[in-house]
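The values are calculated or read from the model by the stated rules, or taken from the named source; none is laboratory data. Owing to the predicted nature of the structure, the values given are computational and were not obtained by experimental measurement. Ideal geometry is used to build each Cβ from the backbone, glycine not excepted, and the neighbour counts take in all protein chains shown. Only protein heavy atoms, including side chains, enter the accessible area calculation; ligands, DNA and RNA are left aside. Shrake-Rupley method; radii C 1.70, N 1.55, O 1.52, S 1.80 Å.
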Amino acid sequence: MKDRTVAVAAALAWFSMADLGSAQGFAGLGETVEDGFTQPVPNPEFSFPADHGAHPSYRIEWWYLTSNLTGSDGKDYGIQWTLFRSALAPTQTDDWSSPQIWMGHAGLTTPDQHFVSETLARDGVGQAGVTTEPFLAFIDDWEMRSTASQDADALSALTLTARGEDFSYALELQADGPLVFQGDRGYSIKSESGQASYYYSQPFYTVSGTLTLPDGDVEVTGSAWLDREWSSQPLEDDQTGWDWFSLHLDTDERVMGFRLRSATGNDFTAATWIAPGGLATALPNGAFQITPLTTTEVAGRGVPTAWRVQIPSRGLDIQTTALNPRSWMETLFPYWEGPIRLSGSHTGRGYLEMTGYE
Amino acid sequence: MSVFLTSLVALLSFWRRHPGQFLTLLGGLTLATALWSGVQAINAEARASYAEAASALGQDELDRLISPDGPFAEDIYIALRRAGWAVSPVLEGTITRDSGVIRVLGIDPITAPPAAQTIDLSATEDLRAFLSGRVYGAPELVATLSEGGFDAPLTASANLASNTLLMDIGLAQQVLDQRGLISHLLLWPSQHKGLPPIAEIAPMLDRVGPDTRSDVASLTNSFHLNLTAFGLLSFAVGLFIVHSAIGLAFEQRRTLFRTLRALGVSARVLVGLLVAETLLFALLAGVLGMIAGFFIAALLLPDVAATLQGLYGAAVDDTLTLRPSWWIGGLAIAILGAAAAAAQSLWRLWRLPILAPAQPRAWARASEAALRRQTALAFALIIAAVSVGFLGDGLLSGFAMLGFGLVGAALLLPVVLSALLRLGARFASGPVSEWFWADTRQQLPGLSLALMALLLALAANIGVSTMVGSFRLTFTGWLDQRLASEVYVTARSEAEAEALREWLEPRVDAILPIWNLEARLAGQPGEVYGVADHPTYRDNWPLLTAAPDVWDRVAAGTGVLINEQLSRREGLFPGDTIRLPRQWDAPIVGVYSDYGNPEPQAMVGLSAFQARYPETPRLRYALRIDPRLASGLMEELQTDFGLPADTMIDQASIKSISLQIFERTFTVTGALNVLTLSVAAIAILTSLLTLARMRLPQLAPLWALGLTRKRLAWFEVLRAALLGALTALAALPVGLLLAWALLAVINVDAFGWRLPMHVFPADWLVLGLLAILAALVAAAWPARWLSTRAPSDLLRIFANER
């Protein structure tokens, strides 16, 4: 896997935007926007199922699913399934000339192992893509396929598969709540100067399925969270990375919160408090406070793997610890992504993603 | 130490007093090394180019999936990806531009395995540009194409073979007009576990291992073996010179050796010194030879490159790179050669009694017994040659046969000459004439090495020029048959082809489609052609063997034709069947000659071709038209129909291109031939120089008896001319046998075709005169030396002071 990643990285450094620590921002999201890409604007009106599909006129987009699982062996697990779309130009055709590139990331975390797989695809020839009726997001043999009934939202029931060199998983997901729109009705601001993306989630999945590990199959159950996001320039030039949390509280509430770190010390935060029924409340910049507690040396860099997370307005003051502090995604643009446990004012589980740590 | 040094100075001082001999020795060794290393440099360059081409997309490391039926639909690629297989598509093909045949490589940089990433696309902008149409090519190709003829942004890259363009697979599909097709899939070295077997998803694909040797390398192997054989021949001829120069120096330094030994220098030291001297010469000549060899190679390489491109479609850089292995190899062969040439002299010195009479004799004066041994060896070699010829199979045994035969013939030469001279002596009248014949025979042993060299050079010359001449005659006749149509035109797309047919209909006598499919024939990459039922083929096509009603059966689709290469390689003849794509076991009804094409080929009737391979692009056409109207038609095609000039070619141009390629093919052989012949001339010169000095004691009595120095000198010249002429005469049958072997054995193995032999007696006459001239030129210097000897020198012979 390693040699493959490194080699593809050589060919595709544009995607990795290798200099994560520079003022260019993470994953190229902070690059100067080429002319012609559509920019997100406030007060979006989503239309489903069309908006579950791709938006090729936007520069970047993803279908991002994380799941906290418990095995029949009593151990905790986590999986990640992500399909990225990146546009070289804001158009799409149905042949090789289509200027869109697809990238898939799959992760599987156990208390002492972390499996990663990555794959890339051209658009236009059928190796990867997203169809809306019926909903199917795929790259190679990885699939996120809707099993929802005609009248339900396409994302309310899914099957999910992915495979790496030494692992695979097949899961069934059933949502028992509505889609949740982040930020201002799905318009998610990323900086004080107004950089933004369209962003909605489905945080209400219950999950069951099978993980295939080198030692054998494990039956699992748990919860999952799907993010849909697209934009053309979500990051400011001085924003060097982010810390993103999705929390499933044992009170059946959910929390999404992120901090965009600024090279100038001017960090930006946003969060959404989600009631058990799906009612979402956006919290303003500064309401979501995080403090690193423990730093783990992983992949040659110090990454904070235990945090204190506070939302004083909601009485939340917790510590998060990683299921596996070495949940490092050794991909084209490497980052940390893994399941976490919560303790303190609230208990529960969740997922943490951290980018831009040098 | 001082003994060593003093002795060395004494030995080396000889060369200061004989600068001519010094130059001969150095020149001989330099020339031998130069020819050998030049050929090696060419071979090395070509092989490096093949390796580069083979590794262009990691074929030398990666497994591939190919279809025996040629290019396949990209849906199969997608099906494999969707099943989890890490594969990456490649589309490969050729296009023809004014500059020649260009290999087009289309890749998908997003899925390509690391080993296949020839071009560095790590910069965002480079990848973006590549995906949106940037094309990479070797610098020379880019320079040529930039002047026009290719409509895409071109970027030079030294990583690509010289005739190759690398582009995105999408663009390659357009350029090659193979939309939706790929020619093979590269397999990533590591694959995910638990995938369904490839055979279930894509049963039509075969998995093949890495190509460590490209097809081109094995095809061109024979060509390089040919060059190597020539290089070796030149080297051997060069060694004759070195041998005689060293032998001469040895004879002349006999007195010096005796003196040194008498002064207490041991045989061991003396031989050691001479070994050191030889080594010194070898190193000096080696370096000079390498430099000369480099220039020879640089001079010949463009022709070799053109030949390989024309004959095999193999791209070879025509600029030379200096490789360390080449330097070491060249110096080693110079040293080995010098050692071989000096061995005899050193051995004699080793066994020389301290106070041996330092009487210079005609060295290497062979006894009757020695001559008998040589004759026996010659016959043994000739018998070996004949048996290898009969029993052996393949190119190597072909060359072994040639080698044995040539050396055997050379060894036989002194015997034959001796017999001829004895015959000549019968017609002698008067004492001077009798002396002349007897003295010529007496000198034969001293000259025989040089004459053997001349024989080899002449025989090679006759053999090769007969082969080339026969080939040229056959080839031009064949071109006339094969290229019967007046104009050849290629449309750029199906739609254009359709319009083109309509446009042409009223304007030409016949439109003959030339549609072809790349496919594996008997396991080799080859082509299947569809041909129309038309008198153009019935009347002209060069069939070697044919079943009855051959053209009716081809037209009906119940029989196919194959080319001679395929027929010979696989032993297929009319009556056999050949497996064509789509599991078609087609009966063979004829074999046609197909010179200049290394690949197997089959021809099927057009209707059968269309029925079985309906998706093949129908782009190329041969047009029959009154030859006087051809150029007008081509103009109209450009102005009225709007086809670019590079999509069409007329009969005369294509013929001249073919002949040009043909001529260049043999430029190298011709050049090496001339060089070998001049080496032989130098060998004769050295031998005569050696003899002239040693023969003074034999000539002095004649002078004393009243023959003038001038007359004696003329005798020397006459003798050289006589020997040259006799050797040329002896070389003729050897050369013709060589030509036969080249045409009937080597060519068949190397290229896959057998050519009828034609003889060119006028050429022999020229060559015979050339041989005599070479001998005359070589004799002129020693003769002049003799005619200008002071009488006192001759008188001194009779004084007992030596």
Hits in region A:263-318 (condition: within 16 Å of A:PRO203 (Cβ to Cβ) and hydroxyl-bearing (Ser, Thr, Tyr)): A:THR272, A:THR281
Give me the residue from region A:174-195 that is of a type in the set (A, V, I, L, M) and at pLDDT 90 or above and, out of that set, least open to solvent (accessible area, probe 1.4 Å). A:VAL180
Return yes when B:ILE107 is more than 7 Å from chain A (Cβ to nearest Cβ), farther than 13 Å from B:ASP168 by Cα and surrounded by 17 or more Cβ atoms within 10 Å (Cβ to Cβ) and no when it is not. no
The listed residue being touching a helix residue (DSSP H, G or I) at 6+ places or on another chain (Cβ under 6 Å) and farther than 22 Å from B:ASP206 by Cα, out of B:PRO548, B:PRO542: B:PRO542
Some residue of region A:96-114 being charged (D, E, K, R), part of a loop (DSSP other than H, G, I, E, B) and within 13 Å of chain B (Cβ to nearest Cβ): no
Of the residues A:THR161, A:THR131, only one is open to solvent by 30 Å² or more (accessible area, probe 1.4 Å), more than 9 Å from chain B (Cβ to nearest Cβ), in contact (Cβ under 8 Å) with a residue 60 or more places away in the chain and assigned to a strand (DSSP E or B); which? A:THR131
What do you reckon, is B:VAL90 modelled with pLDDT of 85 or more, touching a Leu at 6+ places or on another chain (Cβ under 8 Å), open to solvent by less than 10 Å² (accessible area, probe 1.4 Å) and within 14 Å of chain A (Cβ to nearest Cβ)? yes
Name every residue in region B:414-461 that is out of contact with any Phe, Trp or Tyr (no Cβ under 8 Å at 6 or more places or on another chain) and free of Cβ contacts under 8 Å to residues at least 12 places away in the same chain, in order of residue number. B:ALA419, B:LEU423, B:ARG426, B:PHE427, B:SER429, B:GLY430, B:PRO431, B:SER433, B:GLU434
Say we look at region B:132-153 and pick out the residues that are in contact (Cβ under 8 Å) with a residue 40 or more places away in the chain and touching a Lys or Arg at 6+ places or on another chain (Cβ under 9 Å); which of these is nearest to B:ILE169 (Cα to Cα)? B:PHE150
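Test B:LEU473 against the criterion of being within 30 Å of B:GLY231 (Cα to Cα) and touching a His at 6+ places or on another chain (Cβ under 8 Å), and give yes or no. Spell out the reasoning first.
Working: within 30 Å of B:GLY231 (Cα to Cα): yes; touching a His at 6+ places or on another chain (Cβ under 8 Å): yes.
So B:LEU473 passes the test.
Rundown of residues vs (1) of a type in the set (A, V, I, L, M, F, W, C); (2) under 22 Å from the mean Cα position of the chain (by Cα); (3) closer than 17 Å to A:THR240 by Cβ, yes/no style:
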| residue | (1), (2), (3) |
| --- | --- |
| A:GLY265 | no, no, yes |
| A:LEU283 | yes, yes, no |
| A:PRO304 | no, yes, yes |
| A:TRP307 | yes, yes, no |
| A:ILE311 | yes, yes, no |
| A:THR321 | no, yes, no |
| A:ARG326 | no, yes, no |
| A:PRO334 | no, yes, yes |
Counted residues in region B:113-131 being hydroxyl-bearing (Ser, Thr, Tyr), touching a residue at least 12 places away in the same chain (Cβ under 8 Å) and either surrounded by fewer than 16 Cβ atoms within 10 Å (Cβ to Cβ) or facing chain A (nearest Cβ under 9 Å) (or both) come to 0
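Quick check on region B:748-802: of everything there that is part of a helix (DSSP H, G or I), more than 27 Å from B:ALA725 (Cβ to Cβ) and in contact with a Gly (Cβ under 9 Å, 6 or more places away or on another chain), which residue is modelled with the highest pLDDT? Steps first, please.
Residues of region B:748-802 that are part of a helix (DSSP H, G or I), as a first pass: B:748-750, B:761-787, B:791-796.
Adding the requirement that they be more than 27 Å from B:ALA725 (Cβ to Cβ) leaves B:748-750, B:791-796.
Pick out the ones that are also in contact with a Gly (Cβ under 9 Å, 6 or more places away or on another chain) and you get B:748-750.
Working: B:VAL748: 77, B:ASP749: 73, B:ALA750: 69.
Step by step, filter region B:748-802, then rank; the result is B:VAL748.
Matching residues to (1) of a type outside the set (S, T, N, Q); (2) surrounded by 22 or more Cβ atoms within 10 Å (Cβ to Cβ); (3) in contact with a Phe, Trp or Tyr (Cβ under 8 Å, 6 or more places away or on another chain):
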| residue | (1), (2), (3) |
| --- | --- |
| A:SER197 | no, yes, yes |
| A:THR212 | no, no, yes |
| A:TRP244 | yes, no, yes |
| A:ASP267 | yes, no, no |
| A:GLY277 | yes, no, no |
Being open to solvent by 30 Å² or more (accessible area, probe 1.4 Å), modelled with pLDDT under 80 and either touching a strand residue (DSSP E or B) at 6+ places or on another chain (Cβ under 9 Å) or part of a helix (DSSP H, G or I) (or both) is the filter here, so list the residues in region B:45-70 that pass it. B:ARG47, B:ALA48, B:ALA51, B:GLU52, B:SER55, B:PRO68, B:ASP69
Flag if B:GLY575 is of a type outside the set (Lys, Arg) and open to solvent by 10 Å² or more (accessible area, probe 1.4 Å): yes
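Can you report the number of residues in region A:173-199 which are in a loop (DSSP other than H, G, I, E, B), under 17 Å from the mean Cα position of the chain (by Cα) and not charged (D, E, K, R)?
4
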For A:GLY36, indicate whether it is more than 25 Å from A:PRO134 (Cβ to Cβ), modelled with pLDDT under 90 and more than 10 Å from every other protein chain (Cβ to nearest Cβ). yes
